[in-house]
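See structure below.
The values are calculated or read from the model by the stated rules, or taken from the named source; none is laboratory data. Computed from a prediction, not measured in an experiment: that's the story for all the values here. Positions of Cβ are backbone-derived with ideal geometry, glycine not excepted, and every protein chain shown enters the neighbour counts. Just so you know, the surface numbers come from the protein's heavy atoms only, side chains and all, with ligands and any DNA or RNA stripped out. Shrake-Rupley method; radii C 1.70, N 1.55, O 1.52, S 1.80 Å.
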Amino acid sequence: MQHRRRAFGLRSEVPASPREPFEAVILPELDAAHNLARWLMRDANAAEDVLQEAMLRALTYFPSFRGGNPRAWLLQIVRNTVYDALKLDRAAQFVPLAGWSEDDDIVGIDLPSGEDDPETTLIKSRDLRRLQELISGLPIELRETLVLRELEELSYKDIAEVTQVPIGTVMSRLWRARRALLQAAATQERSR
Amino acid sequence: MNETLRTRDCDKVLLVQAEFDGELDAAEAATLAAHRQHCPACQAAAAALQRARLLMDGGLYEPAPDDVRRRVMARLAAAQPPAPAPLWALRSRMRAWWSAGIGFGLGAACAAALALLIIAPSGPDPTQELVASHIRALQPGHLEDVVSTDRHTVKPWFDGRLDFAPPVKDLKNEGFPLKGGRLDYVDGRPVAALVYQRDKHIIDLYIWPGVLVGGRLPPTAEYHGYNIVHWRWGGMTFWAVSDVEPAQLSDFAQAWQRAL
């Protein structure tokens, strides 16, 4: 498929000189690292523990950093540290919910149509706490993909590297995450 | 999954999403646009993607809070081998680290503290840096990492967090009760900060091993309304920073040095 080829090679990557120090290359991504740790651990103290451990690991592994996107490099370490802390298999293919296989590319649109989209109310209300709850309620493999794309602004290729799955899986997870978020928002709005 | 929904779908919705995420080139996007004109499923998908992004737009990003950032920096600095770089290089590097965090809505007081750091001239005198650190710590929630009036609680807390063991004394009987301690980052290295109280005023006592290069510094100083007292003891450097009167801060320094 043509878009696959596109997805594999695009987005210019900033080449980082190996001579640039850790603090110039990696430390600017500390906020990104905290953001991912916070969304995956869901608890502020646990997130800080993971962040501390991940930053120490990053410092240790930094001599092996060979350029590329430093944010993606650091976030992969954060993600691995999270999975260690949660005792999860880093490369697990998650058991899909009923009716969905992990690599299902044929994706249903089970969405409210534009005319009756109750989640619009939630968008307008800007109710951060409820949004946080909705996102926190997503399974971790959907949550991490969504956060890496929408908050960390990584490319599909970088997300695939961080989460250790093929790009096709990134695309279907991202779609399912967005769909699940909209559905959860709509359900919550209706029940109010 | 509902069969009627399936048949209504189009196998190009993931392409619609790829375009939405900026992953298609112009030719691919043009091909998709031609298809989408006649495909209700793809049009619905594009609208849904837009709504999903609006849901996540703004306020959900979680930058490292100031105190978390400070503790991470201290841990990293403690983990690194002693840097051969001169002090002023470390200091300017530290300023760069801090200024990297400016964009993320730090409080006004913190911004002021950062400004102090940034304009501080290079040199071996950490006075301005200490005052900036003191001001930063006075923000709610930033003062202590370990809250205890018991020095036998505060002292072991530093174990494993620093490569030295700071002496901890309670000066309650002298009118300066211990409130707690925290890890801080001053002069290019992690340091211990003990927090004492005098009436409603806070006194920060910064401790690190060794003495500063660059010759003798005056034992007292004043900067932006804060008073500073400096002494050495047992191979360590001590800096007390507070907004109490200079005489009271001197009392504190003397009481500390007299206490067992």
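If you count, for every residue in B:60-71, the Cβ atoms of partner chains within 10 Å of its Cβ, what is the mean?
Partner-chain Cβ atoms within 10 Å, mean over residues of B:60-71: 6.
Starting from the amide H of B:G180, placed 1.01 Å from N in the peptide plane, find each other amide H under 5 Å away whose residue is 5 or more places distant or on another chain.
Long-range HN contacts for B:G180: B:S148, B:V195.
Counting only other chains, what is the mean number of Cβ atoms within 10 angstrom of the Cβ of each residue in peptide A:167-178?
Values: counts 2, 1, 0, 0, 7, 2, 0, 7, 9, 0, 1, 10.
Per residue, the average neighbour count from other chains is 3.
Take the Cα coordinates of segment A:10-85, assign each an equal point scatterer, and use the Debye formula without solvent to give log10 I(q)/I(0) at q = 0.19 Å⁻¹.
These q points yield log10 I(q)/I(0) values of -0.73.
State the Cα centre-to-centre distance between segment A:43-57 and segment B:187-260 in whole Å.
Cα centres, segment A:43-57 to segment B:187-260: 32 Å.
Could you run the Karplus curve 6.51 cos²θ - 1.76 cosθ + 1.60 with θ = phi - 60° over segment B:137-154 and give me ³J(HN,Hα) per residue in whole Hz, x for Gly and Pro?
5, 6, 5, x, x, 9, 6, 10, 8, 10, 9, 6, 8, 9, 5, 6, 8, 5
With a cut-off of at most 13 other beta carbons within 10 Å, and DSSP calling the residue loop, which trypsin sites (Lys or Arg not before Pro) in segment B:215-260 qualify? Please list them. Let's see the in-between values first.
On the way: sites: B:R216, B:R232, B:R258; in loops: B:R216.
The qualifying sites are B:R216.
Would you mind putting B:163-174, A:162-173 in packing order, based on average other-beta-carbon counts within 10 Å, highest first? Please list the in-between numbers first.
Values: B:163-174: 16.7, A:162-173: 20.7.
Per-residue Cβ counts within 10 Å, averaged per peptide and sorted highest first, yield A:162-173, B:163-174.
With a 1.4 Å probe and every protein chain left in place, tell me how much accessible area B:M73 has, in Å² to the nearest 10.
10 Å²
Take every DSSP beta bridge whose two residues both sit in segment B:140-222, then give the antiparallel share in percent to the nearest 5.
Working: 18 of 19 bridges.
Roughly 95 percent of the DSSP beta bridges within segment B:140-222 come out antiparallel.
For B:I203, what residues show an amide H to amide H distance below 5 Å, using hydrogens built from the backbone and excluding near sequence neighbours?
Residues meeting the criterion, in which the H sits 1.01 Å from N, are B:Y196, B:Q197, B:R198.
Percent of Cα-Cα pairs more than 20 Å apart in segment B:145-225, please. Can you show the working numbers first?
Working: 1249 of 3240 pairs.
Cα-Cα pairs of segment B:145-225 separated by over 20 Å account for 39 percent.
Each residue of segment B:191-197 in turn: what ³J(HN,Hα) in whole Hz from Karplus with 6.51, -1.76, 1.60 and θ = phi - 60°, glycine and Pro shown as x?
Values, residue by residue: 9, 8, 10, 9, 10, 10, 10 Hz.
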